[in-house]
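Undergrad: Pasting a structure below so you can have a look.
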Amino acid sequence: MLEIQAGAPAPNIQSARSPSFLAQTLQRARTAAVPYKVGDVLVGDDPFNGRREGTVVVKNGRSIGIRSSDQVYFYDYRQLRRPD
């Protein structure tokens, strides 16, 4: 239990919360809002992975995992589009 000495100022709880609140707000601002949901059908075009059409099975930050022909290929969300 927290013990407060007589005559000592109490710790300022608000100042302890501010840095964590600020850090959480900045983290949310840095995280991209990926416009795709799990289950969406997308086409990914990447010079390393090639062009694949598949279903979104994994969302991990900015990376999207697409299942195509029983394999999962990961793309940056900016390299994906909806099929025509």
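The values are calculated or read from the model by the stated rules, or taken from the named source; none is laboratory data. Given the structure is predicted, the values throughout are model-derived calculations rather than measurements. Using ideal geometry, Cβ is built from the backbone for each residue, glycine included, and neighbour counts are taken over all protein chains shown. Remember, those area values only see protein heavy atoms, side chains included, never the ligands or the DNA or RNA. Shrake-Rupley method; radii C 1.70, N 1.55, O 1.52, S 1.80 Å.
Undergrad: Would you check which residues across the range 51-68 are out of contact with any strand residue (DSSP E or B) (no Cβ under 7 Å at 6 or more places or on another chain) and either under 11 Å from V38 (Cα atoms) or open to solvent by 90 Å² or more (accessible area, probe 1.4 Å) (or both) and list them?
TA: K59, N60
Undergrad: Kindly indicate which of P35, P47 is open to solvent by less than 100 Å² (accessible area, probe 1.4 Å) and at pLDDT 85 or above.
TA: Just a single option satisfies the conditions, and that option is P35.
Undergrad: Could you please let me know if D84 is modelled with pLDDT of 90 or more, open to solvent by 50 Å² or more (accessible area, probe 1.4 Å), more than 26 Å from R28 (Cα to Cα) and not hydroxyl-bearing (S, T, Y)?
TA: no
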